[in-house]
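Down below is the structure, laid out as structure tokens.
Every read-out reported here was derived from the displayed coordinates using simple, explicitly stated rules and does not represent laboratory data. Keep in mind the model is a prediction, meaning the values are calculated, not measured. Cβ placement follows ideal geometry from the backbone for every residue including glycine, while neighbour counts extend to all protein chains displayed.
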Amino acid sequence: GEALSDEYLAYIKQVKTNATALAQFFVEKDYKIISGGTDNHLMLVDLRNKDISGKEAEAVLGKAGITTNKNMVPFDSRSPFVTSGVRFGTAAITTRGIGEAEILQIGQLIDEALVSRSDDAALAKIHDKVRTLMAEFPLYK
């Protein structure tokens, strides 16, 4: 029943719009999206050209307050415990009310964190920015 509602249709369209915007942001920042973009709510990002493993990216983004999962990519040369990619999805943050403007801010914060991966002070500042942004979109109202 929920999936047939007008509210759900609007929500799922926003999930897709957010995913498309985030994938395009990553492409513009020279991240390799495995499928070249996304046709759904997920994207798999190959980080080999950024010289960071999926395991390290997952940990760095965690320090910055951003949740993701390491993920293997096609023809991955790293083990499943390390990986060369990460996976991002937009359903959970869309549920919080995030739109295209905010998703681009999130993309920027992800990029800043990965670029500043060895700078704990910079990651702490990014975490503060994440907290401030997410305070506008609480989990529960």
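Evaluating 6.51 cos²θ - 1.76 cosθ + 1.60 at θ = phi - 60° for every residue in the range 56-69, the Karplus couplings come out as 5, 4, 4, 5, 4, 5, x, 4, 8, x, 10, 8, 8, 10 Hz, glycine and proline recorded as x. The long axis of helix 120-135 is offset from the longest Cα principal axis of the chain by roughly 10 degrees. Taking θ as phi - 60° and the Karplus parameters 6.51, -1.76 and 1.60, the scalar couplings of the range 70-79 work out to 5, 7, 5, 10, x, 6, 4, 8, 9, 6 Hz in sequence order, x denoting glycine and proline. The protection proxy used here, the mean number of other Cβ atoms lying within 10 Å of each residue, ranks peptides 127-137, 37-47 as follows, highest first: 37-47, 127-137. The Cα center of the range 97-141 and the Cα center of the range 17-58 differ in position by 16 Å.
In percent, rounded to a whole number, the relative contact order of the range 39-118 is 34, using alpha-carbon pairs under 8 Å and six or more apart.
Were the residues from residue 4 through residue 77 laid out at 0.36 nm apart, the gain over their Cα-Cα distance would be 22.0 nm.
When the helices of the chain are scored as -39500 (n - 2.57) per DSSP H run of n ≥ 4 and the total is divided over every residue, the value at 222 nm lands at -16000 deg cm²/dmol. Taken along the Cα-to-beta-carbon direction at a fixed 7 Å, the label points for residue 124 and residue 55 span 2.7 nm. Evaluate E = 1/(1 + (r/R0)^6) for residue 40 and residue 135, where r is the Cβ-Cβ distance and R0 equals 35 Å; express this FRET efficiency to the nearest 0.05. Once the sixth-power term is evaluated, E becomes 0.80.
Over the chain, all Cα pairs binned in 5 Å intervals from 0 give whole-percent P(r) values of 2, 11, 19, 22, 20, 14, 8, 4, 1, 0, listed from short to long.
Computed about the Cα centre, the dipole magnitude for the chain is approximately 300 debye when only Lys and Arg (+1) and Asp and Glu (-1) carry charge, each at its Cβ.
Each residue of the range 105-112 is assigned a 3J(HN,Hα), and the resulting list reads 5, 5, x, 5, 5, 4, 4, 4 Hz, derived from the Karplus form 6.51 cos²θ - 1.76 cosθ + 1.60 (θ = phi - 60°), x at Gly and Pro.
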